[in-house]
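Asker: Input: one structure, supplied below.
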Amino acid sequence: MSSASASGPSPATAAAAAPVETDAATGATGPMTQPPKFLVDMKAKFCRMCGGRLELSTPPEGKEWRHVCQNPDCGYIDYQNPKMVVGCIVEHEGKVLLCKRAIQPCYGKWTLPAGYMEWNESSAAGAARETWEEAHAQVSVIAPYAHWDIPMIGQAYILFRASLAPPYTFSSGPESLEVALFEPSAIPFEELAFSSVSTTLRLYLEDLRTGSFRFHHGVIDKRPGSLPNDPGAFVVRDHMALSVDLAGPSGGADTATQQ
Ligand SMILES: [Zn+2]
């Protein structure tokens, strides 16, 4: 990506306010008088450093709830941070590669090849690796296409456009029932897994129609307790669409290929 200019709405300005929590059942926000549901649901019991007992600690004012080791010689704080999911929109002869999931959640639904980024790899290399693992497809990454934050489930997605690379073959990896190329008009939106995938592919079709691929950024808010891709259970907010010039002065984007 050699240049980018904002064409969407301005990003929301973060309010300078004391931390609040969102009640997982009602969506209401308020002071942090109770630990957030995701921490309670983890049922974390033991310290990873010393094996001591963990307890959810009442935070000082303005701080977050944490699991804290009760061993006075340790006191380890078990921080929980969001995970990064990386994946590819693989293009070949005007079609897009999708994988039918062989695992839960969303068993039997179609998805873009994607998975958790590993230590010691870049997001682009991770996206290519996941594509190899799930679809046995070699790819060349073209450009980042979308970044979605999903605060409710502690995930952030980076999805790249990529082209199928030699030998231009693909087949099901262990987490896929089936792998197939779809004409854009035949993408099975009613059978897609995950809000991030359906949101990305809807924008991808928009960009295809206009002939200009943008870079998309935004936040996906899910309704508490909703299924991964209930179409009425999430909204996209703070969407920014940045125009991208891949043929600018620097001569285009570097590429990463899974070896
Ligand atoms: Zn400990």
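Asker: Of all residues in region 18-56, which are away from the ligand (no atom under 13 Å from the Cβ) and modelled with pLDDT of 70 or more?
Answerer: Let us first name the residues in region 18-56 that are away from the ligand (no atom under 13 Å from the Cβ), namely 18-43, 56.
Within region 18-56, T33, Q34, P35, P36, K37, F38, L39, V40, D41, M42, K43, L56 qualify.
Asker: Quick one: what pairs do we get from region 61-78, first residue on the phi > 0 side of the Ramachandran plot and in a loop (DSSP other than H, G, I, E, B), second among the β-branched types (V, I, T) and surrounded by 17 or more Cβ atoms within 10 Å (Cβ to Cβ), C-beta under 9 Å, 6+ apart or different chains?
Answerer: G75/V68
Asker: Of the numbered conditions (1) assigned to a loop (DSSP other than H, G, I, E, B); (2) at pLDDT below 95; (3) of a type in the set (A, V, I, L, M, F, W, C), V244 satisfies every one except a single condition; which is it?
Answerer: Result: V244 fails condition (1) only.
Asker: Here's a follow-up. What is the one condition in (1) at pLDDT below 90; (2) within 16 Å of the ligand (Cβ to nearest atom); (3) not charged (D, E, K, R) that N71 does not satisfy?
Answerer: Of everything listed in (1) at pLDDT below 90; (2) within 16 Å of the ligand (Cβ to nearest atom); (3) not charged (D, E, K, R), N71 misses just condition (1).
Asker: Still on this structure, please answer the following. Residues being closer than 19 Å to C99 by Cα and either surrounded by fewer than 22 Cβ atoms within 10 Å (Cβ to Cβ) or free of Cβ contacts under 8 Å to residues at least 24 places away in the same chain (or both): count how many of those fall in region 130-144.
Answerer: Applying the first criterion (closer than 19 Å to C99 by Cα) to region 130-144 yields 130-141.
Still in the list and also either surrounded by fewer than 22 Cβ atoms within 10 Å (Cβ to Cβ) or free of Cβ contacts under 8 Å to residues at least 24 places away in the same chain (or both): 132-133, 136, 138, 140.
Here the count works out to 5.
Asker: Please specify each residue of region 192-212 satisfying the condition of being surrounded by fewer than 19 Cβ atoms within 10 Å (Cβ to Cβ) and in a loop (DSSP other than H, G, I, E, B).
Answerer: Hits for region 192-212 are G211, S212.
Asker: Filter region 169-191 down to the residues that are touching a helix residue (DSSP H, G or I) at 6+ places or on another chain (Cβ under 9 Å) and either aliphatic (A, V, I, L, M) or part of a loop (DSSP other than H, G, I, E, B) (or both) and list them by number.
Answerer: Let us first name the residues in region 169-191 that are touching a helix residue (DSSP H, G or I) at 6+ places or on another chain (Cβ under 9 Å), namely 170-176, 179, 184-185, 187, 189.
The answer is F170, S171, S172, G173, P174, E175, V179, I187.
The values are calculated or read from the model by the stated rules, or taken from the named source; none is laboratory data. A quick note: this is a predicted structure, and the numbers were derived from the prediction, not measured. Cβ atoms come from the backbone with ideal geometry, glycine included; neighbour counts cover every protein chain shown.
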